[in-house]
Amino acid sequence: AEGYGGETLPAFERYFMGGPTSLRGFTIQNIGPKDTNGNPVGGSKSLILNVETQYPFTKSLRGFLFYDRGNVYGSGPDISSTSKDFDLGEMRNSVGAGIRFISPFGPLGFAYGIKLDRKTGESSGEFHFSAGSAF
């Protein structure tokens, strides 16, 4: 991805997706453009949809169901919305369930996400642990 003035966008300024705070059911930061070795390189833009419904079991324990959809785009020099690497048909999808404990130190969560569009060599889903809130 290119930054200002044609410079290469540094990795810490790129978008990465996958894991408990973005696309559950997928390996952390493993969604989007990859290099020739299959390693994620990140992109200049991302598109994500997270839908979640919660059910309170007790005051501090909640169950939830979710649907996540998204992808990371823009690894090449052309990062316009008409670029060939920006394809809504390439968005990844997952569904799952989990439990969240609201502790005095912040929420602690466990979730399992199932890939709806599993590709060759990928696991069917992932377990995730989260501490704190995503923002």
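FYI, it's all coordinate maths here, none of it is from the lab. All values reported here derive from a predicted model rather than from experimental measurement. So basically every Cβ, Gly included, is an ideal-geometry build from the backbone, and we count neighbours across all protein chains shown.
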Go ahead and collect, in residue order, the members of the range 115-135 whose backbone nitrogen is under 20 Å from a label point 7 Å along the Cα-Cβ direction of L65.
115-117, 125-128
Inter-label distance, nm, simple model (7 Å from Cα along the C-beta direction), D117/L47
1.0 nm
Working from the pairwise distances between different alpha carbons, so that the mean of 1/r is found and then inverted, what is the range 12-78's Kirkwood radius in Å?
13.3 Å
How high is the FRET efficiency between F57 and T21 when r is their beta carbon distance and R₀ equals 35 Å, given to the nearest 0.05?
0.90
Grab the other residues whose beta carbon is less than 13 angstrom from that of F110, score K and R as +1, D and E as -1, and report the net.
+2
